[in-house]
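Here, each number is a calculation from the coordinates, and none is a lab measurement. From a predicted model like this one, the values you see are computed outputs, not experimental measurements. For neighbour counting, all protein chains shown are included, and Cβ atoms are generated from backbone atoms with ideal geometry for every residue, glycine included.
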Amino acid sequence: MVRALYTAASGMTAQQLNVDTISNNLANVNTVGYKKETTNFKSLLYTNLRGPENEAITETTPSVKQVGHGVRALANSRNYSTGTLQKTENPTDIAIVGNGFFAIDNNGEEVYTRDGSFRFAMLEDEGSYALVTADGYPVLSTEDESIIIGSEVSTDKLKIGEDGTVFYLDEEGIKMDVAQIKVVQFANREGLEATGGNLYKATAASGEPMVEGDDDMLTRSTLRTGYLEGSNVQLAEEMVNLIIAQRAYEVNSTAIKTADDMMQQANQLKQ
């Protein structure tokens, strides 16, 4: 019965983390570029209570009497399927159709995101403009530099092509390229580490970023200007998962109460 208490408690702890994960998914249902998470579980150590009745058939018995010690939560897995494209008609909003990530300069550290809600911000000390995220982090070009536009070019004339090229048309209608937005892919994007703010950073599990266009083996992503990629969270599915997790938590709580009642009855028998 004491084992039942620990086993049910491990179930409550695991389901609490499951509820936390689902709650985070629901909270980010409208977050641009958010990728939903799923909690994975693993059973704990099993104990052999007793072997077969006849020791002579120990090696050939199909099963033994075992009991588990509960469950524990493993690392969450992230679903990187593409979310629904939402039309914004903002020329600096960009959605990625494919497996790519934008490269962002986060105080000297290169991080990555699927959130393409970019803006042009004026650089006060230079009088020019830079392409930045909604939080003000510079968007990197294929040259690993911030995308800077001189003050002589109006932001109304700037456009972004499907290949990530930032350009404008001069007075004669000639296309003038400014820079190309850096889009990267990873050998194992499930290994990326989320740092908050819709940003990810590379890890040993994800591998080094591979720049699209530099590697012929990569299928290049398409950039859709005037669109944003919505969250891939399915509201109805998450609500069902939340109800299941809540019921599992309640069942484990009931198991603890039942084991406690049985122990009380056993103590009363001694009296």
**Q.** Summed side-chain charge close to residue 87 - residues other than residue 87 whose Cβ falls under 14 Å, Lys, Arg +1, Asp, Glu -1
**A.** -2
Q.
What is the angle, in °, between the Cα long axis of helix 235-270 and the longest principal axis of the Cα atoms in the chain? Nearest 10 is fine, range 0 to 90.
A. 20 degrees
Q.
Pairwise over distinct Cα atoms, reciprocal of the mean inverse distance: report the Kirkwood radius of the chain in Å, one decimal place.
A. 22.6 Å
(Q) Longer than 30 Å from Cα to Cα, which of 42/65; 65/257; 35/257; 36/257; 87/157; 87/182 are they? Say none if no pair is. (A) 35/257; 36/257
Q. Given only helices, namely DSSP H runs of n ≥ 4 each adding -39500 (n - 2.57), what is the per-residue ellipticity at 222 nm of the chain, to the nearest 500 deg cm²/dmol?
A. -8500 deg cm²/dmol
Q: Count the net charge of all other residues whose Cβ sits under 10 Å from the Cβ of residue 132, scoring Lys and Arg as +1 and Asp and Glu as -1.
A: -1
Q) DSSP loop GluC sites (Glu not before Pro) in the range 105-198 with at most 14 other Cβ atoms within 10 Å of their Cβ, which ones? A) 124, 126, 143, 145, 152, 162, 171, 172
Q) Helix 2-27: angle to the longest alpha-carbon principal axis of the chain, degrees 0 to 90, nearest 10? A) 20 degrees
Q | Approximate shape of the range 179-220 as ellipsoid semi-axes (Cα gyration tensor, √5λ), whole Å, largest first | A | 20, 14, 7
Q. Got the relative contact order for the chain handy, in percent, Cα pairs under 8 Å and 6 or more residues apart?
A. 27 percent
(Q) Using amide H atoms built in the peptide plane, which far-off residues or other-chain residues are under 5 Å from residue 232 H to H? (A) 34, 36
Q. How high is the relative contact order of the range 172-245, in percent, counting Cα pairs under 8 Å that sit 6 or more residues apart?
A. 22 percent
Q. Considering only 256, 160, 176, whose Cα is most displaced toward the positive end of the charge dipole of the range 153-266, charges sitting on Cβ of Lys, Arg (+1) and Asp, Glu (-1)?
A. 256
Q: Subtracting the Cα-Cα distance from 0.36 nm times the residue separation, let me have the gained length for residue 9 to residue 45 in nm, one decimal.
A: 11.5 nm
Q.
Which three extents, in angstrom, do the Cα atoms of the range 85-229 have along their principal axes, listed largest first?
A. 48, 32, 29
